[in-house]
Protein chains: 2
Amino acid sequence: MSAYARLAARFARIATLGEASAMLHWDASAIMPPGGGGARGEQLAVLAGLRHELLTAPEVAGDLAEAGAEGRWESANLALMHRAHRRATALPTALVEATERANAACEKVWRNAKAQSDFAMVRPHLEEVVRLQRETAAALSAALGLSPYDALMDSYQPGIGAADVEPVFAAYEAFLAEALPQAEALQAGRGAPQPLAGPFPVAIQRELCRGLSARVGLDYSHARLDESLHPFCGGTPTDIRITTFYAEEEVGKALMGVLHETGHALYEAGLPAAWARQPVGEAAGMAAHESQSLIMEMQACRSDAFLTFLGGELHRAFGGDPAPYAPANLAKLWRRVSRGFIRVDADELTYPAHVILRFRLERAMIEGDLAVADLPGAWAESFTRLLGLAPPDDARGCLQDIHWHDGAFGYFPSYTLGAMAAAQLMGAARRALPDMDAALALGDMAPLLRWLRANVHAHGSRLGFQDLLRAATGKPLDPEDFMAHLRGRYLQ
Amino acid sequence: MSAYARLAARFARIATLGEASAMLHWDASAIMPPGGGGARGEQLAVLAGLRHELLTAPEVAGDLAEAGAEGRWESANLALMHRAHRRATALPTALVEATERANAACEKVWRNAKAQSDFAMVRPHLEEVVRLQRETAAALSAALGLSPYDALMDSYQPGIGAADVEPVFAAYEAFLAEALPQAEALQAGRGAPQPLAGPFPVAIQRELCRGLSARVGLDYSHARLDESLHPFCGGTPTDIRITTFYAEEEVGKALMGVLHETGHALYEAGLPAAWARQPVGEAAGMAAHESQSLIMEMQACRSDAFLTFLGGELHRAFGGDPAPYAPANLAKLWRRVSRGFIRVDADELTYPAHVILRFRLERAMIEGDLAVADLPGAWAESFTRLLGLAPPDDARGCLQDIHWHDGAFGYFPSYTLGAMAAAQLMGAARRALPDMDAALALGDMAPLLRWLRANVHAHGSRLGFQDLLRAATGKPLDPEDFMAHLRGRYLQ
């Protein structure tokens, strides 16, 4: 057996344990009885520990030094193995364990602090989390040859650093300053949307969501749709689990949520089966993943064309007055621009402002330029500058997201990089598929999905984020495509 | 860290991986989309391989040789560690892998062979399975100092061998020859039961089953009730997953099935938490487990007293004519004796005959006294002798059960040992709790459950099956208690 073959077998084993963890995570989030939490935490910790042991076993370094690869897939795979090994061996076990403990403790306190909008309550815990994140960033920085913040970002979106993000976000900030008031004025001039008349029985919503996700390409012989308070896409490429949350009085949120998660699911399902369980067969990072959920939800399913189809489906499902289901009214309802304090409720136009703020603040915290104690003030100032509103309290400010309080620093940019990549990919797909909107108006996602499979999914992580965009669209990430999309949708 | 402490940590890790496997097994059987099967098989195989590696790692033998234990719990735990290690190291990896492959191949062919009642189709596969089981039995026999068949039985019910089973089964065969015709004559004299009038809406059955299982003691903050074609109890002690199968036209099967699985679940929930994830904290084998499901279903829930309560609950749930819900009619319906070909549909009186037949035939196959080619003939002959009927085909004969075709030899006796132990334990509980039937008539299972927790569950596997019965009832397994129970229920 060659050194490469030994490594491939080892990484397959590690990935298979990762699949087991993914299923147990899904179960914990979607259906586990509450009393199962303690044991589940142990199960996940043991599985994570074994994956780490397999990745850092003494013989791995020798095999990596010895291994050669043939062809571009094997070469990319071997490079990703080197990267995984460097990352895993960079961190002392004591630091990993201290981080896990601090994250868990902070996350727990954060739930109460958020409910009571009491930043002081969580502050010492968050300080410890940040202290350990800075230690982690320093250790990774030395091992990977990246700046500390970039070394954290690299965990979520390999190969992308602050230098890629800064100019893009600066351009967007300038764009938004002009575009937002214009969009608001145009929207006000068009009058309020007519609300859809509920209630929307959950059983019908469930059938509708299942039917629509299947129609846009999700194969339910390899997937499930369940319910959870916080919708997500989990599982494994051949057994994908998406969730949503239904409310009787509103249908758009669950429906768009399912279409969003379906985009994630289709990416996983479309990854190259020949490289399953190898690093190169995985998705190309979180920004790439978000591009696939957003191209489905924001680009395709909220398009004028698809809303034409969707309105008919909704009216068929729920009956009543057909007028509110007209595509123009659905567009008013589901493409409404509204400045708000909460990121997860934000519209497509203002969402990046929420991300830009977080990117700047988390980077400052990691680089030692912002103390945790000063976070609420910095948040309020930054928010006011970007969106012209001052958060009334920390629950609607720096306490709203779980990320930092659970130790996730460097993740936030992925949301907006994904939104931008989605617009750029959709532009390329439209150029390649001139009849796409005619197909979308019939609810036919097949041409777009075929294009995504060939140009995004099938590459796995053989190409980094920028190279993936270059191959699919002819250029690296270009915020102009996203801004052009927003101009077309909100400024005309 | 002492050698014992190192072993305890290692066995906790092994058990935690076992919990992960248990959850993934449950998911695969209850809710997994069909396309997930391939990946799930890999996940379970990797987890099983890691458990085996942890158990057979070179340092374990040294720790076992060095370790000392204090007190009866630690001593029993250490003895069980020795046993697990001896079993795991007895089998060469090549044999384990060949067995897994042969079992999987045979099980797959068996599904078609059963559907077509074509024994010839599965015969070569079953021959290979039996050949490997005989090799396994020989290897375990040498390592454990047991006869080959006893070494296989020991996998399912430690410490119980053919010598324990033979006299018990012989006594039952003699009892049945007289009791069965008598019971049939008495039953015929009492007239047919009045059927319950369906349909029984599944949503109501689901609520009823959940409510009743909770009432008899299942804590749903640590459990779920789901649906699967083949009902079972899975999961882990703090996250128990039971399943059942609902049919609109019939309510008894799902209901009694849930109460049966609840018995298994209560045993798991009652295991000593202080010894969780240690060998001594596990259930005391499959016969002990079956005793807990059957004491719940057969002894308690089909008792005259509980049927009084249950009839009221059922009528409240489904309405209609109250007459069929009278306890005497429910007893006629749900304690009906009927000779049939299928084990899983058998009544309490004839069920042991199905098991006795299988015990004798599987033992003969393992000991080389019965060739697989001769199995259908031997089955027909044995069945005719025990129950006076000749199976019309192999689907209703030796092809009906999955066990042998999946490599499970030595398991079958557990069903009847469990039924007998259930009767013996119920006798002891009734002596200790003179008011138990009054409680059961009110649907109050708490006194019985308290007794079971103290006298069975809390022992984990500190005591072997016979010692557990001795401690709880004052004697080892005695088939007379079961026969007395049957006389009282069917011959009066």
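The values are calculated or read from the model by the stated rules, or taken from the named source; none is laboratory data. Since we're looking at a predicted model, the values are computed, not measured. Cβ: placed from backbone, ideal geometry, glycine included. Neighbour counts: every protein chain shown. Remember, those area values only see protein heavy atoms, side chains included, never the ligands or the DNA or RNA. Shrake-Rupley method; radii C 1.70, N 1.55, O 1.52, S 1.80 Å.
Observations
- Residue count, region B:234-252 (criterion: within 14 Å of chain A (Cβ to nearest Cβ) and in contact (Cβ under 8 Å) with a residue 60 or more places away in the chain): 6
- Of the residues making up region A:412-446, those that are surrounded by 21 or more Cβ atoms within 10 Å (Cβ to Cβ) and part of a loop (DSSP other than H, G, I, E, B) are A:Phe412, A:Met445.
- Within region B:301-314, the set of residues being open to solvent by 10 Å² or more (accessible area, probe 1.4 Å) and among the hydroxyl-bearing types (Ser, Thr, Tyr) comprises B:Thr308 only.
- Only residues that are closer than 14 Å to B:Leu47 by Cβ and at the interface with chain B (Cβ under 9 Å from one of its Cβ atoms) were counted in region A:13-35, giving 8.
- For region A:280-292, the condition holds for at least one residue, the condition being that it is under 30 Å from A:Phe318 (Cα atoms) and either among the polar types (S, T, N, Q) or modelled with pLDDT of 95 or more (or both).
For every residue, the table says whether it meets (1) over 24 Å from the mean Cα position of the chain (by Cα); (2) open to solvent by 20 Å² or more (accessible area, probe 1.4 Å); (3) free of Cβ contacts under 8 Å to residues at least 60 places away in the same chain.
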site	(1), (2), (3)
B:Gln292	no, no, no
B:Arg316	yes, yes, yes
B:Gly320	yes, yes, no
B:Val337	no, no, no
B:Ile342	no, yes, yes
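- For B:Ala471, the criteria (1) under 30 Å from B:Glu178 (Cα atoms); (2) within 23 Å of the chain's Cα centre (by Cα) hold in every case but one, which is (1).
- Of all the criteria given as (1) more than 14 Å from every other protein chain (Cβ to nearest Cβ); (2) without any contact (Cβ under 8 Å) to a residue 60 or more places away in the chain; (3) surrounded by fewer than 17 Cβ atoms within 10 Å (Cβ to Cβ); (4) of a type in the set (A, V, I, L, M, F, W, C), the one not satisfied by A:Leu255 is (3).
- One residue from A:Leu180, A:Leu186 being over 30 Å from B:Ala203 (Cβ atoms), assigned by TED's automatic domain parsing to the domain that holds A:Ala276, open to solvent by less than 10 Å² (accessible area, probe 1.4 Å) and aliphatic (A, V, I, L, M): A:Leu180
- Neighbours by Cβ (under 7 Å, 6+ apart or cross-chain): first from region A:23-40, assigned by TED's automatic domain parsing to the domain that holds A:Arg241; second of a type outside the set (D, E, K, R) and open to solvent by less than 20 Å² (accessible area, probe 1.4 Å): none
- Residues that are open to solvent by less than 50 Å² (accessible area, probe 1.4 Å), touching a strand residue (DSSP E or B) at 6+ places or on another chain (Cβ under 8 Å) and not basic (Lys, Arg), drawn from region A:222-243: A:Ala223, A:Leu225, A:Asp226, A:Ser228, A:Phe232, A:Cys233, A:Gly234, A:Gly235, A:Asp239, A:Ile240, A:Ile242, A:Thr243
- Filter pass, B:Asp347 being assigned to a loop (DSSP other than H, G, I, E, B), under 21 Å from B:Met483 (Cα atoms) and acidic (Asp, Glu): yes
- Within region A:198-227, the set of residues being among the small types (Gly, Ala, Ser) and over 11 Å from A:Glu248 (Cα atoms) comprises A:Gly211, A:Ser213, A:Ala214, A:Gly217, A:Ser221, A:Ala223.
- Of everything in region A:199-221 that is crowded, with 21+ Cβ neighbours inside 10 Å and within 14 Å of chain B (Cβ to nearest Cβ), the residue that is farthest from A:Gly257 (Cα to Cα) is A:Leu218.
- Every test in (1) closer than 23 Å to B:Gly235 by Cα; (2) surrounded by fewer than 18 Cβ atoms within 10 Å (Cβ to Cβ); (3) among the polar types (S, T, N, Q) is passed by A:Thr16 save one, and that test is (2).
- Subset of region B:67-90 [of a type in the set (S, T, N, Q) and either closer than 14 Å to B:Glu282 by Cα or touching a strand residue (DSSP E or B) at 6+ places or on another chain (Cβ under 8 Å) (or both)]: B:Asn77
- Residue match in region B:433-447 (condition: of a type outside the set (Val, Ile, Thr), closer than 17 Å to B:Met286 by Cα and touching a residue at least 24 places away in the same chain (Cβ under 8 Å)): no
- Single match in B:Glu128, B:Glu173 (criterion: without any contact (Cβ under 8 Å) to a residue 40 or more places away in the chain, of a type in the set (D, E, K, R) and over 30 Å from B:Tyr246 (Cβ atoms)): B:Glu128
- For the criterion of being open to solvent by 50 Å² or more (accessible area, probe 1.4 Å) and hydroxyl-bearing (Ser, Thr, Tyr), B:Thr384 passes.
- Residue ID - nearest to A:Ala88 (Cα to Cα), chosen from residues in region A:137-169 that are assigned to a loop (DSSP other than H, G, I, E, B) and open to solvent by less than 40 Å² (accessible area, probe 1.4 Å): A:Gln157
- Of all the criteria given as (1) surrounded by fewer than 17 Cβ atoms within 10 Å (Cβ to Cβ); (2) under 23 Å from the mean Cα position of the chain (by Cα), the one not satisfied by A:Ala174 is (2).
- Options A:Ala328, A:Ala390, A:Ala371, A:Ala378; residue that is open to solvent by less than 30 Å² (accessible area, probe 1.4 Å) and out of contact with any Asp or Glu (no Cβ under 6 Å at 6 or more places or on another chain): A:Ala378
- Given (1) within 16 Å of the chain's Cα centre (by Cα); (2) part of a helix (DSSP H, G or I); (3) farther than 15 Å from A:Glu313 by Cα, index of the condition A:Ile242 fails: (2)
- Residue in region A:473-484 that is in contact with a Pro (Cβ under 9 Å, 6 or more places away or on another chain), farther than 14 Å from A:His289 by Cα and either open to solvent by less than 40 Å² (accessible area, probe 1.4 Å) or hydroxyl-bearing (Ser, Thr, Tyr) (or both) present: yes
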